[in-house]
Amino acid sequence: MSYHFGFLVETMVSVLLLLTILYCVRLNKQLRLLKADEQSLRATISELVTATEIADRAISGLKLTMHEGGQALSDRLARGDALAAELERHLEAGNQLLARLMRIAGVTRPPADPPAIQNANAVAAAAQAFANRTRSRLNGRAA
């Protein structure tokens with residue numbers, strides 16, 4: 001009987017040892033898959049870092065372009081203001097000259113603004129209004 005009992009114990013140990021070996025083989029396969037996933041995850045992270053760096057450089061370029069565009073627009077706006085002021089001075093000088101010529105010519109009653117002067121004044125007023133709107137938009141963006 002002890003012979004059968006020893007054989008039974010040896011058989012049970014063999015079966016348990018076989019199950020342990022099979023479990024270790026399965027675990028080894030899962031570890032290999034996990035290592036492969038780790039490598040692909042590292043590659044994905046590397047690509048993401050590269051894409052982020054490219055996006056940062058693009059954003060920096062856009063900011064620089066926006067700053068240069070804002071500066072150019074501000075310069076043009078200042079030049080437009082100067083031209084509008086100069087045009088206003090010329091219109092005033094023209095009106096004064098017209099008034100003197102009318103006094104010299106002896107015209108007793110000056111005409112109400114001729115159409116050409118009205119159009120020039122309207123253009124000057126429109127240019128000044130446009131410059132003011134553009135300046136307010138620029139000041140609103142800069143804030």
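Computed from the coordinates by the stated procedures, all read-outs in this text should not be read as laboratory data. Treat the numbers as computed from the prediction; the structure is a model and nothing was measured. Every residue, glycine as well, gets a Cβ built from its backbone with ideal geometry; the counts of neighbours run over all protein chains shown.
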**Asked** How are the Cα pair distances of the chain distributed, in percent, across 5 Å bins from 0?
**Response** 2, 7, 8, 8, 6, 6, 6, 5, 5, 4, 4, 4, 3, 3, 3, 3, 3, 3, 3, 3, 2, 2, 2, 2, 1, 1, 1, 1, 0, 0, 0
**Message:** Show me, for the stretch 34-40, the HN-Hα J-couplings you get by feeding each phi into the Karplus relation (A = 6.51, B = -1.76, C = 1.60, θ = phi - 60°), rounded to Hz, glycine and proline as x.
**Reply:** 5, 5, 5, 5, 5, 5, 5
**Request:** Going by C-beta contacts inside 10 Å, put 74, 2 in order with the fewest on the left.
**Result:** 2, 74
**Message:** How far apart, in nanometres, would the label points at residue 47 and residue 127 be if each is projected 7 angstrom from Cα along the Cα-to-Cβ direction?
**Reply:** 5.8 nm
**³J(HN,Hα) computed for each position of the stretch 59-65 - Karplus, 6.51 cos²θ - 1.76 cosθ + 1.60, integer Hz, glycine/proline x** = 5, 4, x, 5, 5, 5, 4
**Asked** With each run of n ≥ 4 DSSP H residues scored as -39500 (n - 2.57), what mean residue ellipticity at 222 nm is computed for the chain after dividing by its residue count and rounding to the nearest 500 deg cm²/dmol?
**Response** -35000 deg cm²/dmol
**Request:** Quick one: angle between helix 115-142 and the longest Cα principal axis of the chain, in degrees between 0 and 90, rounded to 10, please.
**Result:** 30 degrees
